[in-house]
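**Q** What follows is a single structure, and I will ask about it in a moment.
The values are calculated or read from the model by the stated rules, or taken from the named source; none is laboratory data. Just so we're clear, the structure is a prediction, and the values are computed from it rather than from any experiment. Cβ: placed from backbone, ideal geometry, glycine included. Neighbour counts: every protein chain shown.
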Amino acid sequence: MKILSLESSCDETAAAVIEDGRKICSSVVNTQVAEHGLYGGVVPEIASRRHTENIVGVTEKALADAGVTLDGLDYLAVTAAPGLIGALLVGVSFAKGLSLATGKPLIPVHHLRSHIAANYLAHPELEPPFLCLVVSGGHSHIVSVDDYTQFRILGRTRDDAAGEAFDKAARAMGLPYPGGVSLDKEASKGDPKAFRLPKPHVEGCPLDMSFSGLKTAVVNILHNAEQRGETVNIPDLCASYQNVICHALVDRLMVAAEEGGYHTVAAAGGVSANSGLRALLDRECKRRHLRLFVPPLSLCGDNGAMVGSQAYYEALAGHFAGLDLNAAPSMAIDDEF
Ligand code: KG4
Ligand code: ZN
C-alpha cells in the first residue's frame, strides 16, 4: 500500500511516499528555520505563507523521488492536528484538493501519533504495546501505545513543553534559534552539577511535570548576574538545565514503565534528538533491561515520512476523512477525527 503523506503543522513543509507503513520510498523536507531565526521563533503568518508557496514543489519532488505518479498511490494522508492553525490548513486544504482531483481516499493524521510512528520506519521489529516519551516543541507526554491507533496519556506537562522550555531558556541566554539544538551543543561543554535548579515536580501527580518554574529560575540567575556585573558560565548553566529536564522526563518514564510492566520503551518528537536525553534513556533502560527505541536524528524533527507510517495503520483501522475535514489546532492524541 503506497501513501503520499503531507506535513505542515509548524515550520517544515514536508511530503513523503511510504509503502506499507514501514518503507520510505521518498521523503522531502523544506525547513523554514533560517527565516524564523531572524525573529527568534516561529512567526505563524510567515509559516503559513511559506507552506503555501512550497507545498506543490515539495509534493512533486516526493513523487518524482519515489518514481510514482498520483495514479500509482493508494491513499493520501495529511497532518490535520495539532499545530498552528494557519499552517495546518495549508496541508489539509491541499490534501483535500488532491483527494477531490484524484478520487484517492484521505487519511487525517495526528502529529504526535506520527512522531511515535517515526520509530516504525527505523525499527522494523518495533510493535505496540510499548511506552513512549513524546517530547516536542508543543507537547511533553508519557504515552502508553496500546496499539497502533490506541493511546493513553499517563503523564504530561502542566505548563511549558520540554522543547518550549529548552527554546525559552536558550533565548534568555542569547543562544541562536533553534534554541534546543544550541542549548544541547553548549551543554556538552559544561558541568551538569554547576547550578542547583528546581525540580519540575507536580504535587500529588508523580507522572506529571511543570517546567515553567525551572525556566524562571534560569532567567533569575541571568538577571541577578547582570545586576551584579558578573558573567554566567553558559555551558555550565545549559548542562545543569538540560540535566534537570532530562532527569525529570526519564525518571517519570521509568516509573511508568515499572508500574505498567512494560518491556519496551521509545522516545519521539524533536526533543528526542537531545544528546543528554538519549544518553540518559540508554543508561536507565540498560539498567532495567528494557528494550529502547529512539528515532534516528533525521526522523526526530517534523517530516512527512512519519505521517505516512502512522497513516498506514490509521487506514488499516478504517480511519478516513471526507472533504469536510478541518484542521484541529489542539486535539489530544487519544481523540479521533
Ligand atoms: O517535534 P518538533 O520538530 O516540532 C514540534 O512538533 O513542536 O520539535 C521541535 C522542538 C523545538 O522546541 C526544538 O528546540 C526541540 O524540538 N529540539 C531540541 C533538540 N532538537 C530539537 N531540544 C533539545 N535538544 C535538541 N537537540
Ligand atoms: Zn513535531
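**Q** If a residue must be away from ligand 2 (no atom under 15 Å from the Cβ), buried (at least 16 other Cβ atoms within 10 Å of the Cβ) and of a type outside the set (D, E, K, R), how many such residues does the range 1-26 contain? Walk me through how you get there before you give the answer.
**A** Let us first name the residues in the range 1-26 that are away from ligand 2 (no atom under 15 Å from the Cβ), namely 1-4, 15, 17-26.
Add one more test, that the residue is buried (at least 16 other Cβ atoms within 10 Å of the Cβ), and what stays is 2-4, 15, 17-19, 21-22, 24-26.
From what is left, the residues that are of a type outside the set (D, E, K, R) are 3-4, 15, 17-18, 21, 24-26.
So the count comes out to 9.
**Q** Do any helices (runs of 4 or more DSSP H) lying entirely in the range 173-266 carry at least 2 residues that are over 20 Å from the mean Cα position of the chain (by Cα) and under 20 Å from Arg287 (Cβ atoms), and which ones are they?
**A** Values: elements: 179-187, 212-228, 234-260.
Fully inside the range 173-266 and qualifying: 234-260.
**Q** Tally the residues that are in a loop (DSSP other than H, G, I, E, B), within 17 Å of the chain's Cα centre (by Cα) and not hydrophobic (A, V, I, L, M, F, W, C), restricting the search to the range 284-337.
**A** Total meeting the criteria: 9.
**Q** Give Asp208, Asp184, Asp236 a once-over and let me know the one that is out of contact with any Cys (no Cβ under 6 Å at 6 or more places or on another chain), over 21 Å from Gly138 (Cβ atoms) and touching a residue at least 12 places away in the same chain (Cβ under 8 Å). Steps first, answer last, please.
**A** Working: Asp208 fails: over 21 Å from Gly138 (Cβ atoms); Asp184 fails: over 21 Å from Gly138 (Cβ atoms).
Every option except Asp236 fails the conditions.
**Q** Name the single residue that is modelled with the highest pLDDT among those in the range 37-65 being surrounded by 20 or more Cβ atoms within 10 Å (Cβ to Cβ) and closer than 17 Å to Gly163 by Cβ.
**A** Within the range 37-65, the match that is modelled with the highest pLDDT is Ala47.
**Q** Output the number of residues of the range 152-166 satisfying the condition of being hydrophobic (A, V, I, L, M, F, W, C) and either in contact with a Pro (Cβ under 7 Å, 6 or more places away or on another chain) or within 15 Å of ligand 1 (Cβ to nearest atom) (or both). Walk me through it before giving the result.
**A** Applying the first criterion (hydrophobic (A, V, I, L, M, F, W, C)) to the range 152-166 yields 153-154, 161-162, 165-166.
In the following step, the residues that additionally are either in contact with a Pro (Cβ under 7 Å, 6 or more places away or on another chain) or within 15 Å of ligand 1 (Cβ to nearest atom) (or both) were identified as 161-162, 165-166.
Number satisfying all stated conditions: 4.
**Q** Can you tell me how many residues within the range 301-337 are within 15 Å of ligand 1 (Cβ to nearest atom) and surrounded by fewer than 19 Cβ atoms within 10 Å (Cβ to Cβ)?
**A** So the count comes out to 5.
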